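Just below is one structure, and these are the notes that go with it.
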Amino acid sequence: MRTVADDRSLIWNLGRVSFAAAGASILPSTPGAETIHVQRGDVCLIHTLDRNTDQWAKMEILAWRPIGIVFRWATIAATPELARVAAAGRRELSGPLVHVQLRAGTRSNGNPNRVFLDGSKNAYLDRIAGAPIPFAVPVTAGEEGVAWLDGGLVPEGQTWVVTQVEGRVFSAHTTPGSRHFAVQLLDQTVLQRDGDDAGGTTHVRWTGEVAIHRGDEARCFVEVAGTTACDVWIRGHFRP
């Protein structure tokens, strides 16, 4: 069971290293994962991240038991080095434009399939595609949630001022259930479509001004649920 819709937590297996040094002088060199395999003696680094929590911790596997594992753990103070670990594998925006494509059936049971502008995703979205998504085939109930994103981190020393969001929303004609689409920038929901309509394609557009700084990207997202897909462009300009 998942109870946090925007969970973006990641974990790293550091292997059999010093528990005291984990997260300080011993840091991972690869991107984190949603799940990992562990053995007795392994030390793991955990970044718990959602809209209410941003916390680092470390855990050492001490023993296996028939009903679970025995471990010790401790929280770790956030540092610039850990921030770089969290951003590993994510690139900076090459320009003030992000293109997001997203489609999902009903496998998430009505929960939002969400992709964030820094390239991360929530636990309900199955995967991030490596290439743009075709929209010629209608969304079906049984298909996985998949996104493609041409986005990234706001460049250091810059502010990305978003002034326009526009695109298309596709809903299935035949599948019952509540369909949902939304774009959120920081604390503002700039676009949203909900309901049990007849399906088809809807063109959406928003204009305004939202200033996004480096580190704010994970507070900005596009999401769909209930046999819905979208093709969205987020435009603006950079300012120092």
Exercise. Only one of the listed values, (i) 60, 42, 40; (ii) 56, 49, 29; (iii) 64, 33, 30, was derived from the coordinates as Cα extents along the principal axes in Å; which label is it?
Worked result: (ii)
Problem set entry | Positive minus negative residues near ALA141 (Lys, Arg vs Asp, Glu; Cβ under 13 Å) | +1
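Subtracting the Cα-Cα distance from 0.36 nm times the residue separation, let me have the gained length for ALA20 to PHE135 in nm, one decimal.
36.4 nm
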Problem set entry | Under the Debye formula (equal points on every Cα, no solvent term), log10 I(q)/I(0) of segment 198-240 at q = 0.17, 0.20, 0.23 Å⁻¹ | -0.68, -0.87, -1.03
Exercise. How much mean residue ellipticity at 222 nm does the chain get from its helices, if each DSSP H run of length 4 or more adds -39500 (n - 2.57) and you divide by all residues, to the nearest 500 deg cm²/dmol?
Worked result: -500 deg cm²/dmol
For this session: Name the residue, out of ALA104, ALA20, ALA218, whose mean-square fluctuation peaks in a Gaussian network model built on the chain with Cα pairs under 10 Å.
Result: ALA20
For this session: Identify which of ASP150, ASP194, ASP118 has the largest mean-square fluctuation in a Gaussian network model of the chain, with springs joining Cα atoms closer than 10 Å.
Result: ASP194
Seminar exercise, completed: Residue-ordered couplings for segment 133-148, obtained by feeding phi - 60° into the Karplus form 6.51 cos²θ - 1.76 cosθ + 1.60 and rounding to whole Hz (Gly and Pro as x), are 8, x, 10, 5, 8, x, 5, 10, 4, x, 7, 6, x, 9, 10, 10
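I'd like the trypsin sites (Lys or Arg not before Pro) in segment 1-62 restricted to DSSP loop residues with at most 13 other Cβ atoms within 10 Å, sorted by number. Don't skip to the answer; put the middle values down first.
Numbers: sites: ARG2, ARG8, ARG16, ARG40, ARG51, LYS58; in loops: ARG2, ARG8, ARG16, ARG40, ARG51.
Within segment 1-62, the qualifying trypsin sites (Lys or Arg not before Pro) (loop, at most 13 other Cβ atoms within 10 Å) are ARG2, ARG16, ARG40, ARG51.
Stretched out fully, how many nm does the piece from GLU92 to TRP233 gain, at 0.36 nm a residue minus the Cα gap? If you can, show how the numbers build up before the last one.
Numbers: separation 141, 0.36 × 141 = 50.76 nm, distance 1.70 nm.
Extra length from GLU92 to TRP233 when fully extended: 49.1 nm.
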Exercise. Which whole-Hz ³J(HN,Hα) couplings does segment 34-48 yield from phi under the Karplus relation 6.51 cos²θ - 1.76 cosθ + 1.60, θ = phi - 60°, glycine and proline marked x?
Worked result: 6, 9, 9, 9, 10, 10, 4, x, 5, 10, 10, 10, 10, 10, 8
Exercise. Percent relative contact order of segment 109-197, based on C-alpha pairs within less than 8 angstrom and at least six residues apart?
Worked result: 21
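Values quoted throughout were computed directly from the atomic coordinates according to the rules given, and no laboratory measurement underlies them. In this text, all values refer to a predicted model and were calculated from it rather than measured experimentally. Glycine also receives a Cβ, built like all others from the backbone with ideal geometry; neighbour counts cover every protein chain displayed.
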